[in-house]
Structure formats: C-alpha cells, structure tokens
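The values are calculated or read from the model by the stated rules, or taken from the named source; none is laboratory data. No experiment lies behind these values; they were computed from the predicted model shown. Quick reminder, even Gly has a Cβ in these numbers, built from the backbone with ideal geometry, and neighbours come from all protein chains shown. SASA here: full protein model, heavy atoms, side chains in, ligands and nucleic acids out. Shrake-Rupley method; radii C 1.70, N 1.55, O 1.52, S 1.80 Å.
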Amino acid sequence: MTDLLERPADSRLIEALIAAPPPVWDSEVDDTLVCRAVRRETHDVMTFVFEAPEPRVFSYRPGQFMTFEFEIGGEAINRCYTIASAPTRPHRLEITVKKIPGGPVSTWLHETLKPGMRVKAMGPMGDFTCAAHPAPKYLFLSAGSGITPLMSMTRTHHDLASGADIAFVHSARSPIDLIFEAELALMAREQPGLRITTLCEADAPMAAWSGYRGRIDLKRLELICPDFREREVFVCGPAPYMEGVRAALAEAGFDMSRHHQESFDFSELGDQIDAEPEAECEAGVPSFRVEFATSRRALDCPSDQFVLAAAKAAGMRLPSSCAKGMCGTCKCKLVSGTVEMSPSGGIRQREIDQGMILICCSKPTSDLVIER
C-alpha cells in the first residue's frame, strides 16, 4: 500500500476529511466565505463556488438560501441567494446569479468577484424545500434564474439515487438562456425517473428553437405532464410566471396545499414597500417617537406598525430589500428603547445581543433612538 505521505496532496486531503470530518458551518460562529471558483453558465448567468476559510461542512436542505453581505462602493449591501448546489456535497456552496442590467449586486458579482476574495454570509435559511414535503412524484416548475432551488433539489435526488419521479419543466426566453441544460440532460440519462422539458419563448440569433414554444399554461402543462395533479409542485421564477402557474393549477382544480413557491425578487418587494399607503393609527393604539440619530429625522410610529413601514410612509428612504426579516439589509443599531421583533433569519443572536435590530420586522414598545 502506498504510504499516505507519498500520495498527491488532493489524496491526502480526502483521507484527512474521511478521518476527521470538519465541524458544521454555524452562522453564529462563522460569517465568512471564500470564493473558490467562478463558472459561466450562459451569456448572463454565472455560478460562484464558496467554501469556508477554515474546514467546515454545510448542512442544509435543498432549496434553502444564504444571506450575503457584499462591500460595494464603500457600502454594505445584503442579498439573499438560493443555494444551487446539493447538501449531498457538503464541503462547498454554490450560488448561480443572473446579471440584471443596472443591478448593483449582480453586476458586482459578475464583474468583480474572483477566486480568493472573501464575502460575509449568513445561513442557510428558508422553508422552500422538498425535504419538508416528501412525495413519490414531484413537479418542478422554474423560469429563468428561478431554476436554482429546483436544481439543488434535483441534484440531491440524483446524488441519493432516490428513485423519485420528477418532472422538471423549465422556461427560458430563448435557447441561449437555458441554464444547466447539459447537466440536467446528463442527470436525466442516469436517473430513469427524471424527465426534463424546456420551453422557450423565442429563437435566438444563430440558435433556432424546435421544442415547446411560449409560456407555461394549463394547456401546455396538461400536454407536458398529464399526471401533474398527482404531484407535489414546487415553483420558482419571476412573479408573473408564478402567478400564471398558480392560476393554471387553481383552474385545473389542483390541491393547492401541495403547491409551494419561492421568490427573491427584491425590486418588486421594494416597490411593494414604497407603494404601501400610510397606515392609519387605530383608536386606542399607543404611538411612540422614533428618532433616527444620523439623519436627524423623527417620526411617530404606532405600536402595531413596523418601524420601516412608518419611516417609508413618512417619506424616508432607508436601505431595505425583502421586508420580511430575511435579508438583513435594514439592520440598524438600536441606541435606546425597546422593540418587539420577529425576524425570519436575517439577524444573528449575537447581533441582537449587541443591540442590532431589523426595522422591517420591529414594532416599538417604547420611544426609540436608532443609529441610522
């Protein structure tokens, strides 16, 4: 037998991992990831591969997401990205990002993030996962970069040779926009229960499309997956796409308790916040004074209203994204006062202990002074 020290470095690393598995990544302890590789998927989609600076394994459910903090132009910007890789390969994490014209974060990722660079991260989080809804038959419906959580689920089933019957239907604008096309085809050849169907809205220059054309609707769904009523359905994509799928399923009499969807369209969420009308204070509901120390603004916030919503209604423009307590973009230092906060994973316990709050999910229980 070859002595361990005489083997190539990669071989020794593998032996070491087997002999002493690294501890599990813990957001309360670990907060940095190192970019190890960047891979182009399509003309405007790239995959970024991360690992921990110190040996760690990642424990998560397929379909969950990470919250990243990127330093862009001297400003810390938070974004949530679904993990595209599978928990069955726990030493690295991958996210797959479409470059959005004018999008500060996706543009920075595509043009700036290189192997060796470090970013802050928190997670994994989220409840959009097939692991919570075991079923013999699934229907995965995705459009554009919404394919990432479904890809994580499919990779997991493939790695585990689960035998699940998976109908994977992906929609794209044109043939050159198809993400993971080759890998999906390879998995379908190796996994008898996996069927891949793609739809394109149009041809691309030098790339004519001969498959299903147009957007998914009930007629196409009946044709592509006639037994969809027997399946657990997971959907991810732009809001209009998901609304169309939901309407088609409802029209077909589908049991909507078996329908699950996910979206991280921050621009739409932000618009929803901006469009919120000023909340009326119900009679008898106490109101508290909220002072923003840095901007020297002050407002009254009813005790039944979130601080961010009250600030938006008062005309303030504060950093925020998901408005659901997930992404951490609105994280602020609470200088004085108390709040009732209901985060959904966007803040660590140690940050709470240091006096930080997420104003999108915090209601005042006293007068407040916030460092913002």
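Every condition in (1) in contact with a Pro (Cβ under 8 Å, 6 or more places away or on another chain); (2) under 14 Å from residue 60 (Cα atoms) is met by residue 164 except one, and the failing one is (2). Evaluating residue 44 against the criteria (1) open to solvent by 10 Å² or more (accessible area, probe 1.4 Å); (2) under 30 Å from residue 332 (Cβ atoms); (3) in contact (Cβ under 8 Å) with a residue 12 or more places away in the chain; (4) not β-branched (Val, Ile, Thr) leaves one unmet condition, (2). Among residues belonging to segment 158-193 that are out of contact with any helix residue (DSSP H, G or I) (no Cβ under 7 Å at 6 or more places or on another chain) and part of a loop (DSSP other than H, G, I, E, B), point out the one that is nearest to residue 147 (Cα to Cα). Restricting to residues being out of contact with any helix residue (DSSP H, G or I) (no Cβ under 7 Å at 6 or more places or on another chain) and part of a loop (DSSP other than H, G, I, E, B), the top hit is 178.
Let's see how each residue does on (1) closer than 18 Å to residue 228 by Cα; (2) in contact with a Leu (Cβ under 8 Å, 6 or more places away or on another chain); (3) not β-branched (Val, Ile, Thr):
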{"site": "148", "(1), (2), (3)": "no, no, no"}
{"site": "155", "(1), (2), (3)": "no, no, yes"}
{"site": "175", "(1), (2), (3)": "no, no, yes"}
{"site": "186", "(1), (2), (3)": "no, no, yes"}
{"site": "195", "(1), (2), (3)": "yes, no, yes"}
{"site": "199", "(1), (2), (3)": "yes, no, yes"}
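Evaluation of residue 325 against the conditions (1) open to solvent by 30 Å² or more (accessible area, probe 1.4 Å); (2) of a type outside the set (A, V, I, L, M, F, W, C); (3) in contact with a helix residue (DSSP H, G or I) (Cβ under 6 Å, 6 or more places away or on another chain) shows that the sole unmet condition is (1). For segment 346-365, the tally of residues that are open to solvent by 30 Å² or more (accessible area, probe 1.4 Å) and part of a loop (DSSP other than H, G, I, E, B) stands at 2. Checked against (1) touching a Pro at 6+ places or on another chain (Cβ under 8 Å); (2) open to solvent by less than 10 Å² (accessible area, probe 1.4 Å); (3) part of a strand (DSSP E or B), residue 77 passes all but a single condition, namely (2).
Being within 23 Å of residue 346 (Cβ to Cβ), modelled with pLDDT of 95 or more and of a type outside the set (Lys, Arg) holds for only one residue in 27, 59, and it is 59. Looking across 167, 161, 248, 172, one residue alone is surrounded by fewer than 18 Cβ atoms within 10 Å (Cβ to Cβ) and among the hydrophobic types (A, V, I, L, M, F, W, C). It is 161.
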